[in-house]
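To start, the structure under review is shown below, and the notes come after it.
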Amino acid sequence: MGTADGRHVSGGHNDGGDRVRVLAAGDDAVLVEFPDSDGPVAPAVLPFVAAAAHDRPPGVVDVIPAARTAAVTYRAEKIAAHAVREWCADLAVRATSAAAAGTGTAGAETAGAETAGAETAGAGTAGGPAEPAPEEVVLPVVYDGPDLDAVSAATGLSKDEVIDAHTGTAWTVAFTGFAPGFGYLVGGDPRLAVPRRTTPRTRVPAGSVGLAGPFSGVYPRPSPGGWQLIGTTAAELWQPRRDAPALLAPGVRVRFERQGPAA
Amino acid sequence: MTGTDGAEGEGAAHDGCLEVEEPGPFTTVQDGGRPGLGALGVGRSGAADRAAMAAANRLVGNPERAAVLESTMGGPAVRARRPVMIAVTGPATVVEVDGTAVGSHCRVLLRAGQVLSVGAPPHGLRNYLAVRGGVTGVRGADGSVHGPELDSLATDVLSGLGPPALRAGDVLTAGRAAAPLPSADLIPPDRAAHTGPVRLPVVWGPRDDWFTDGARRLLVGGEWTVTPDADRVGARLHGPEGLRRARGGELAPESMVTGALQVPADGLPVLFLADHPVTGGYPVIAVVRGAALDAAAQLRPGDRVVFTAAG
């Protein structure tokens, strides 16, 4: 398994959606597409990114996770396209089996980085120290968001129940995008899945904590946005001068903590 | 020498060398950008036309990715605060020193107090002004100070990183020259024909299978026009008709690359340039090939484009 001659890497059914594909994205990038799942992110995405961090050939510039894909960019003058595709295919197959061997569910919890570390070590490529436990970040939140009533109405939960649901489970940063430091958090209480606002706000204040579909997230800086805002955090999500500029990098676990007066 | 200020006493690494008299329509500091930070939501950004940036830097003996000024449709006018060597590249354009044309694509030595201005190019969009030693920072007219963020001075208009677009009164600081000047003191500007449409080769995918055969034929068979909706993030294109999808449904957010032709629901492609978003939710039918990205960055509203696909 794991040949990279064509688009379809691992064998499987005839239709797409249940196997890894490596798709060209221009002259210096490929998109690794993972099998579908019922969850908001494909379970193999984060194991792939975590394994890639340990085993990256020279010339590979970036490995960028998203919902069902990871993009790998490279310098075409340093590494051949077929070498990148082979590396991706091999890693993707291992990440997929790591995800499948994880908790055995298709949910976001499988996306935890620790499964990838174990699989990489098992395949004999890491050989280094054990994978560190996933980092956990606690974000204190004042639940004073302008959409708390709307979320309460949409979910049928009281405002306190919304807050309890939001703080009751650990979330995981599945991928980032939209703006520097913005993490798409998954793994929260499924009762909190709400649609985006019909009309996006033209300006969402920095630190706003929002919900959209299966995701939660925090706006690192003032920007337009369509998420349902339930609270505010004073945490500094993005600080370019910090060693790790983004507080919420892929794989990081996030726990929200209620702060201040009751809603 | 006029224009001496306190900072020069701290060493030549950060002296104020040029003062902005007129910024032009939109001028920013750009360099090689911030590669490798996509997982943080930070795009590469940097000079839109990287070959033009490299050429300007080579003329003044800088590393190819040293920070330069990137102007859009002409500008800026800058006053030298000390003797300073500069070069302007990009599309051939009028460059004047105190009102006298000196030519683009060559090395120019400014004396202290002289004003250099870059005219709007007759074709193309973006010019590059390199300073010997490289731009190292901006001291804003409002007292703000802007240095590198994440090892780059590039202004990323999407993420908000980097110094704001230049304003009158801003002072640019420059570093120490790192290498001797090259023997060549001029280079030929791009002699590409400007009469017909710009031809941009593409590779299909990653989501060409979301579109009909007719849409793929239309992308490479039709002639597209750059709309006024064009900036460093991307250029919206108008064509004979919208590119139709072969399937319904929404694409899960996925990573975008420079040169991507992303097709929103209206079927009119958006060509992603230097400050494109790291992720996007519309399918990409094709990507402009790497060798043509600099030409794509010089497209201006009204320009016609023909995409070509090999094989």
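Only the coordinates and a few stated rules stand behind these numbers; no lab work does. As the structure is a computational prediction, the values presented were derived from the model and not from experiment. Heads up, the Cβs are rebuilt from the backbone with ideal geometry, glycines too, and the neighbour counts pull from every protein chain shown.
Seen from A:Lys159, the other residues with C-beta closer than 14 Å to its C-beta sum to a net charge of -4, counting Lys and Arg as +1 and Asp and Glu as -1.
As a length-normalised measure over Cα pairs under 8 Å and 6 or more apart, the relative contact order of the range B:186-304 settles at 34 percent. Ordered from longest to shortest, the equivalent ellipsoid semi-axes for the range B:176-238 are 37, 17, 14 Å, each the square root of 5 times a Cα gyration tensor eigenvalue.
As a length-normalised measure over Cα pairs under 8 Å and 6 or more apart, the relative contact order of chain B settles at 20 percent. Sorted fewest first by neighbouring Cβ atoms within 10 angstrom, A:Ser208, B:Ser183 come out as B:Ser183, A:Ser208. Look at B:Phe211, B:Phe307, A:Phe48 and count the other Cβ atoms within 10 Å of each Cβ; fewest to most, that gives B:Phe211, B:Phe307, A:Phe48.
Averaging 1/r across all pairs of distinct Cα atoms in the range A:141-235 and inverting the result yields a Kirkwood radius of 13.0 Å.
For the range A:21-101, the relative contact order works out to 36 percent when only alpha carbon pairs closer than 8 Å and six or more residues apart are counted. Entry for the protein assembly as shown at q = 0.07, 0.11 Å⁻¹: log10 I(q)/I(0) = -0.45, -1.07, Debye formula applied to identical alpha-carbon scatterers, no solvent contribution.
With neighbours defined as other Cβ atoms within 10 Å of a residue's Cβ, the residues A:Phe34, A:Phe178 order from fewest to most as A:Phe178, A:Phe34.
Counting Lys +1, Arg +1, Asp -1, Glu -1, what net charge surrounds B:Gly196 among other residues with beta carbon under 12 Å of its beta carbon? With Lys, Arg at +1 and Asp, Glu at -1, the neighbours total 0.
Annotation: Cα Rg of chain B relative to the compact-globule expectation 2.2 N^0.38 Å equals 1.05.
Under a model in which nothing but the beta-carbon of Lys, Arg (+1) and Asp, Glu (-1) is charged, the protein assembly as shown shows a dipole of about 1020 debye around its Cα centre. Across the alpha-carbon set of the range B:36-161, the Rg to Rh ratio works out to 0.97, Rh being the Kirkwood radius.
Normalising by residue count, the range B:100-241 has a Cα convex hull of 207 Å³ per residue. As an equivalent ellipsoid, the range A:21-101 spans semi-axes of 21, 13, 10 angstrom, where each value is the square root of five times an eigenvalue of the C-alpha gyration tensor, largest first.
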